[in-house]
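Structure record follows, encoded as structure tokens.
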Amino acid sequence: MEVEALSTDEESAWRFYLRSHALLTRTLDAELRAEHGMTLLTYDALVQLSEAPGQAMYMRNLAAALLYSASGLTRIVDGLEKSGYAERRIDPANRRATLVTLTPEGVRALQAAWPTHVRGVRGHFARYLGDGEAPVLHRVLAAVAQDLETAPAGSATAAT
């Protein structure tokens, strides 16, 4: 199978995407740790829970939202519980399923950390988006995410 090389612009965009993503997540994580003692992953988990109906999610749904394995999520939820941000409980409607529920302390922690996160995203990312660029970037990244979420794991997509 013949593969067409990336153009110079495509290759450059890809490399800068990888580098900027790594640097941005590292920086946002460091800012949240320094100001609130929480990781970016903890912040993301709190956001996911806060936006869920009843501020609760099944473990498997939270894992999917965070793009984590079940075993990796167990460690994350252990940390949320230890911090008092969330609690696990058996779903009374399905005793085999575990719900993770945001606690009032988790809501307070999220509300306290939100300005730090927004300041970081604006200062390290959004300020570089010119007029009309945010919708274009959103469209491109949403298309990539949708394509990869619907493709079978490890398969080449229809676009290749």
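The values are calculated or read from the model by the stated rules, or taken from the named source; none is laboratory data. Note that the structure is a prediction, hence the values are computed from the model and not measured. In this analysis, Cβ positions are derived from the backbone assuming ideal geometry, glycine residues included, and neighbour counts consider all displayed protein chains. Ligands, DNA and RNA are excluded from the accessible area calculation, which covers all protein heavy atoms including side chains. Shrake-Rupley method; radii C 1.70, N 1.55, O 1.52, S 1.80 Å.
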task: Let me have the 222 nm mean residue ellipticity of the chain computed from DSSP H runs of 4+ only, each contributing -39500 (n - 2.57), with the sum over all residues rounded to the nearest 500.
output: -21500 deg cm²/dmol
- prompt: Extension gain Q111-A5, at 0.36 nm per residue separation less the Cα-Cα distance, in nm?
  reply: 33.5 nm
statement: Over the chain, with neighbouring protein chains present, the accessible area per residue in Å² at probe 1.4 Å is 70 Å²
Full-extension gain in nm, R19 to A93, via 0.36 nm per residue minus C-alpha separation: 22.1 nm
task: Could you grab the relative contact order for segment 78-160? Cα pairs under 8 Å, six or more apart, rounded to a whole percent.
output: 16 percent
field: Ranked packing of 27-40, 64-77, most packed first, by mean Cβ within 10 Å
entry: 27-40, 64-77
message: I need to check one value: relative contact order of segment 29-149, counting alpha carbon pairs closer than 8 Å and at least 6 residues apart, in percent.
response: 24 percent
- prompt: Candidates (1) 16.5; (2) 18.1; (3) 18.6; which is the computed Kirkwood radius over Cα pairs in Å?
  reply: (2)
statement: For segment 25-160, the accessible surface attributable to carbon and sulfur atoms (probe 1.4 angstrom, ligands and nucleic acids excluded) amounts in percent to 56 percent
query: So how far apart, in nm, are the two label points at V144 and S83 if each is 7 Å from Cα heading toward Cβ?
result: 2.7 nm
